[in-house]
Amino acid sequence: MKAPGWLCALMAAMVASVAAHAADAGKVSWPKTAEVLQGGLVEVKVSGADLAAVEGRMANEKIYFYPDGPGSFAALVGADVEAKPGLAKLSLKLTSRAGAQSHREVLFKIKSKAFREESFNVPPGFDHTSPETLDEIRREQTAFAQAFAASGPERLWNAPFLRPVPHEASASSFGSRRIVNGAPRARHSGTDLSAPMGTEVVASNNGRVVLVGNFFFAGGSVVLDHGGGLFTMYFHLSEFRVEEGEIVTKGDVVGLSGATGRVTGPHLHWGARLANARIDPLELLKKIADESTKAKDAKPGPNATEKNHDKGRSGQ
Ligand SMILES: [Zn+2]
């Protein structure tokens, strides 16, 4: 006697939930699939007239969505340089203006990228790890882990991102497999930009300084938190121009380039991290510059094509 009533109630609840689902979500458009290369970056947009908020999650990482015009939300999603090629899932939680929630999914196809291999030598002290250097390396790892542990939820950056030094990438490109003093080492997790000693290094975008320090591998280092899980890093600096906790505006000088840490000569190592994925910082110039170019196309100005000089660098 009880079973049918229970079933009935359950079915009624299911019907109500399906109906509510359809009504609350309204018309939502979102990409069903997206592609991203190892170390690459893609912008995901979700829109719907009734949308009030979008939350994203990929594996264990929160993906921050920010308002991108009326009824539209966008997020940057990156694939780690060593992300396994294949499918990954971005789960979306949508909240309507009325407060109702619904879920969507974006399938990410992570594609493998052919990275270069490079071989170089460093002084033996940098290669053979003595107990003292092991302590130094542990201190470095802890400092960076702490800096990355808490990104502010508020997005501080805006398009476009700036190249931190005016120079081009050097021979040591992002993702290259490194052979140091004859032994295989970790992939290169940044892009090296040529920079003569003492070149002013500027903040690629607005952010909060979350780390300033001298370390074994990275040398003089500055890390900026741009909010929403996005960080940029500036290594091998000879001098600092900022302090931890400071808020910087894009273009502000954060330090001077140098040859500190494990290096073979002066240059700037520029790194980026998004939701704990190590991505190629040049992607920030390429992908976000595209957005700003689009915006400028819609409202033509005198320098509508000025930012195009970063294009055509498809190798990086
Ligand atoms: Zn480097």
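Using the Cβ-Cβ distance between residue 185 and residue 146 with R0 = 30 Å, the FRET efficiency computed as 1/(1 + (r/R0)^6) comes to roughly 0.80. Residue separation of residue 158 and residue 35 scaled by 0.36 nm, minus their Cα-Cα distance, works out to 41.9 nm of gained length. Efficiency by 1/(1 + (r/R0)^6): what FRET value for residue 197 and residue 243, r their Cβ-Cβ distance, R0 = 22 Å, to the nearest 0.05? It comes out at approximately 0.45. How far is the Cα center of region 225-284 from the Cα center of region 129-181, in Å? Distance between centres, Cα-based: 7 Å. Taking a point 7 Å out from the Cα of residue 61 in the direction of its Cβ, the residues of region 84-105 whose backbone N falls within less than 13 Å of it are 84, 88-91.
Quick note: the coordinates plus some simple rules give every number you see, no bench work behind them. Only a predicted model underlies this, so the values are computations on that prediction, with no experimental measurement involved. Note that we place each Cβ from the backbone using ideal geometry, even for glycine, and neighbour counts take in every protein chain shown.
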